[in-house]
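Chemist: The following block contains the structure, expressed as structure tokens.
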Amino acid sequence: MTSRIVIALLVVTSFCACGSDSVMMPDLERGLHEVGNLTRPRNLHVTALLQNGKVLIAGGNAALPPAGGGVWESEGLVSAEIFDPETGISTPTGDMTIGRYEDHGILLADGRVLIISSFIPRHPIEMYYPHSGGFDAVADAPFTFGTRSATLLPNGKVLLIGASPAGGRWRVFDPTAGTLSDTIAMDHPGYGHTATLLKDGRVLIVGGKLFGGEWLPGRNFIYDPSTEAFSEAGSLQVDRILHKAVLLQDGRVMIVGGYRRDGRRAQTPEIYNPETNTFSPAGTSVMDPLAALLLPSGRVFFIHRDNGNIALYNPDTQVFSPTGHSIGPWRSGLTVTLLDDGRVLIAGGLKTTDGGHSPESITDQIFIFTP
């Protein structure tokens, strides 16, 4: 009788030790799983993985864009929330200082998160403090036409590149002092580029065009924070804008997707080799990535814009492999975040059904993809 009682107590304890308010999410098998919901639907929000393994999800747009194009009349959301991958639960945190969407979110070494607007020039730089759960404005807006890329440098400062009708502009923000360097013009178009931190601490800047729409001859650059100077990188096989760039494990950079000068999609992936300062073809694909990130395995995770299919790229074989999983067709404005355990969090976004022309809804869905 005594042994039965002990076993029964152990079973009860295994289910109850965490308390009623701390439910653990079950281990997920490989593949895509819908695991929860945002506290509200969000599109064009920002996410950042915090040092405790939870994910900050902030701002975004809750209004559908006008059908057929036109001005998007939304001031953005001020609310933010924290998603816990261990429980699958998202809970509100403090509000931002202003409603905002399509921002950059950068986790700093001290655990704070820097929030910088891409397209709304009047929005200040603000900071999220995880210990208090609050936000605070820390600097004025960096550029008249918004910040197109924000790259955390090894020295803890952040390289900001903006755009104007005349060309690119750059500044450096110091999060410790809360100060911005002077605005300096650069010989680069500024709009639609990518900026990727290389393993040696320099920044590769690829693609883009003038803010007003004019293309410039394809020029790519390397920014060296030790000298605060730019030098030319090699030439792309295909000039492009609005593409994705992923730093690979061996230090090379994969460039994929985007649009060519003739308006068609750029379907040939390329890889930049910093040792030779050259770009070369990297396989063939019709992939137009909505999202891309490097997995701990060395493979690259992609979501296809048109059909929502998830594919993995192997840099060694230069082959894209379908996973058989999809988040659904014609999605945009979602975020993907690599979790500490190597899984991928996919949150929110806009759903459309007819080729992306007529908005249907903004979703609160949260998925986790387990490679």
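Chemist: Going by the structure shown, is Gly257 modelled with pLDDT under 95, closer than 25 Å to Gly324 by Cβ and in contact with a Lys or Arg (Cβ under 6 Å, 6 or more places away or on another chain)?
Modeler: When the stated conditions are applied, Gly257 passes them.
Chemist: I want to confirm something. Restricting to the stretch 37-65 and keeping residues that are touching a Phe, Trp or Tyr at 6+ places or on another chain (Cβ under 6 Å) and in a loop (DSSP other than H, G, I, E, B), which single residue is surrounded by the fewest Cβ atoms within 10 Å (Cβ to Cβ)?
Modeler: Pro65
Chemist: Identify the residue in the stretch 147-163 that is under 27 Å from Thr278 (Cβ atoms) and touching a Ser or Thr at 6+ places or on another chain (Cβ under 6 Å) and, among all such residues, is surrounded by the fewest Cβ atoms within 10 Å (Cβ to Cβ).
Modeler: Once the filter is applied, the top-ranked residue is Leu159.
Chemist: Something else about it: Failed condition for Asn314, given (1) closer than 18 Å to His243 by Cα; (2) surrounded by fewer than 17 Cβ atoms within 10 Å (Cβ to Cβ); (3) not basic (Lys, Arg), with all others met?
Modeler: In the conditions (1) closer than 18 Å to His243 by Cα; (2) surrounded by fewer than 17 Cβ atoms within 10 Å (Cβ to Cβ); (3) not basic (Lys, Arg), Asn314 misses (1) alone.
Chemist: Within the stretch 85-101, take every residue that is assigned to a loop (DSSP other than H, G, I, E, B) and in contact (Cβ under 8 Å) with a residue 60 or more places away in the chain and give me the one that is nearest to the chain's Cα centre (by Cα).
Modeler: Ranking the candidates gives Pro85 first.
Chemist: Among the residues of the stretch 286-320, count how many are within 22 Å of the chain's Cα centre (by Cα) and of a type in the set (Ser, Thr, Tyr).
Modeler: Looking only at that region, the number is 2.
Chemist: Show me the strands (runs of 3 or more DSSP E) found entirely inside the stretch 113-198 where at least 1 residues are without any contact (Cβ under 8 Å) to a residue 60 or more places away in the chain and closer than 30 Å to Pro92 by Cα.
Modeler: Answer list for the stretch 113-198: 113-117, 125-129, 134-139, 147-152, 158-164, 167-174.
Chemist: Within the set of pairs 6 or more residues apart or between chains, which connect a residue that is at pLDDT 70 or above inside the stretch 206-225 to a residue that is among the hydroxyl-bearing types (Ser, Thr, Tyr) and surrounded by 19 or more Cβ atoms within 10 Å (Cβ to Cβ) with Cβ atoms less than 6 Å apart?
Modeler: Val206/Thr194; Gly208/Tyr191; Lys209/Tyr191; Phe211/Ser164; Phe211/Tyr191
Chemist: I need a count of the residues in the stretch 326-343 that are out of contact with any Ser or Thr (no Cβ under 7 Å at 6 or more places or on another chain), assigned to a strand (DSSP E or B) and either among the basic types (Lys, Arg) or buried (at least 17 other Cβ atoms within 10 Å of the Cβ) (or both).
Modeler: Qualifying residue count, the stretch 326-343: 2.
Chemist: Right, here's the next one. Here are some residues: Ala141, Ala166, Ala109. Which one is modelled with pLDDT under 95, surrounded by fewer than 16 Cβ atoms within 10 Å (Cβ to Cβ) and among the small types (Gly, Ala, Ser)?
Modeler: Ala166
Chemist: Scan the stretch 106-144 residue by residue and report those that are of a type in the set (S, T, N, Q) and within 21 Å of the chain's Cα centre (by Cα).
Modeler: Of everything in the stretch 106-144, those that are of a type in the set (S, T, N, Q) and within 21 Å of the chain's Cα centre (by Cα) turn out to be Ser117, Ser118.
Chemist: Going by what's in this entry, would Asp187 be described as touching a Phe, Trp or Tyr at 6+ places or on another chain (Cβ under 8 Å), farther than 18 Å from Asn277 by Cα, surrounded by fewer than 13 Cβ atoms within 10 Å (Cβ to Cβ) and not polar (S, T, N, Q)?
Modeler: In short, yes.
The values are calculated or read from the model by the stated rules, or taken from the named source; none is laboratory data. These figures come from a predicted structure and were not determined experimentally. Cβ: placed from backbone, ideal geometry, glycine included. Neighbour counts: every protein chain shown.
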